[in-house]
Structure formats: structure tokens, C-alpha cells
1. Round to the nearest 10 and give me the degree value, 0 to 90, for the angle of helix 40-52's Cα axis relative to the longest principal axis of the chain.
2. So what's the angle, to the nearest 10 degrees on a 0 to 90 scale, between helix 67-80 and the longest Cα principal axis of the chain?
3. Can you put 208, 121, 243, 189 in order of Cβ neighbours within 10 angstrom, beginning with the fewest?
4. What percent does the relative contact order of the stretch 7-251 come to when contacts are Cα pairs within less than 8 Å and at least six residues apart?
5. Could you identify which residue out of 116, 29, 79 has the top mean-square fluctuation in a GNM of the chain using Cα springs shorter than 10 Å?
6. Which of 87, 181 has the fewest other C-beta atoms within 10 Å, and how do the rest follow up to the most?
7. Comparing 132, 145, 236, which has the greatest mean-square fluctuation in the GNM of the chain with Cα pairs linked when under 10 Å apart?
8. Of the candidates 18, 183, 54, which one comes out as most mobile in a Gaussian network treatment of the chain with C-alpha springs shorter than 10 Å?
């Protein structure tokens, strides 16, 4: 009898980095719950691509900023695909308006923190509790949780402080959950992308094209691609870091290097 493939939940998987991760996991023999909040068409396209790779996928509408939606996401995934072996907290939003920190609004701050930090924090709480139960029942083996953060977790942007703070908080959430869950056999990891070419970065593409070409931003002189982030997540999913937890895997073209 064939072994049932493991199941992954990828939040914000309709486009960009999330889609790249979902496709990478499908190629690694995962069935995937493709979470989306608004763009059903994009999520359906991701599911179609996964199906063409020979794996099962289902779109699940859920706004991770909403408590009921978070619970429904996991319940629906368990009911239709099975217990979850891998959670990838990828969904995130940017400020609607880039504003100086002296002029930014509480509304923008609350919006970003709800989606980028509070949502994944409490989604992880739900999934981790279930993973402990599933593992004890022999339904999953070596479950893992991944937080997709950003170089904005350490590199400040004064015109989007709310985004930076939400990502810095998420980086700490990865460490907190790693410390709590290590004894339960659940590995927790942070993957920290740099400048990745997606819909979210399209508005600043011309600026970054110039910085990258001139060598003033990245030692590796190209945009990062969603597939670059996916490679790191797949390595985690496949157990390549089984004796590690709470670590940060940096996918940033060398942005973090300080060179004299």
C-alpha cells in the first residue's frame, strides 16, 4: 500500500513567494493547501500547476488576520487533505501608503500587525497544538513550521516602519515557538528573504534594478526569485536541518554582508 504524501499549508500561496513555495513543495511530493485571502483566481492557478505536477492541492480562502478563518483553514485542510506535516507562514502585506514614521497612522500599523504578526502567531498556536496530537497518534512524523520573514526584520526603512516592526516581531515568534516546541519534536525555522521579484516589489522595481546593476545593494547582482526562497523551505521540509531549530536561513543575495 502506497504511503500517503505529507500535507503542507502555505499561507498567501496564490502569488509571489507563496506560489513558489507551494510549487516547490509539490515537486518534493507534498500535497498542498493553498491559502488565499482575496485572489481566488490566482490560488486556483497555483492549484492547477500543482495538479500538473501530480500532487493534490486545494484552495482555501482564509484571512489569517481573522481568528475564525484561521481555525477554519486548518479544519478544512485536515478534513480534505489530512493532518498537517508542514506549516509555512508566508502571508504578508505591505503598507498601502509608504509614510515617514513621524507621519504614519495607527490604522496602517494595526493592519500590518494583524496580518503579518498576530495572524501567523496564533495560526501557529493552533497548528502546533494539533501537530503534538497528530504526532502522538502516529498521524504525522517530524512536523515542521516555517516563518517567512524579511531582511526588513533587521534593516530599517523609515517610510514603512510598521512593516519592519511586524517582520521583526515575526522573527522573534519563530524563536519563541522553536524553544517551546523542540521538546515535542517539532522543528521551527525562519527563512529571511531579501529583495525578491514579486507583485509586491513591482512598484519599486526601477529603483532596485538600478541599485542592483550598480552593485550598491547586493553582492550577488540579481533579483531574488520566489524559487530561491522555495529551495530553502523544501530543504527544511525534507529534513535537511533535522538537528537544527530556531535558526534563520537567509536568502538575500548577500544583502546582510557588511563590506569595507
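Quick note: the coordinates plus some simple rules give every number you see, no bench work behind them. Keep in mind the model is a prediction, meaning the values are calculated, not measured. Here Cβ is always computed from backbone atoms with ideal geometry, including for glycine, and neighbour counts include all displayed protein chains.
1. Roughly 60 degrees between the two axes.
2. It is inclined by approximately 50 degrees.
3. 243, 208, 121, 189
4. Across the stretch 7-251, relative contact order equals 21 percent.
5. So, out of 116, 29, 79, the one fluctuating most is 79.
6. Placing the least packed residue first, the sequence is 181, 87.
7. Maximum fluctuation in the GNM of the chain, among the listed residues, is at 132.
8. Of 18, 183, 54, the most mobile in the Gaussian network model is 183.
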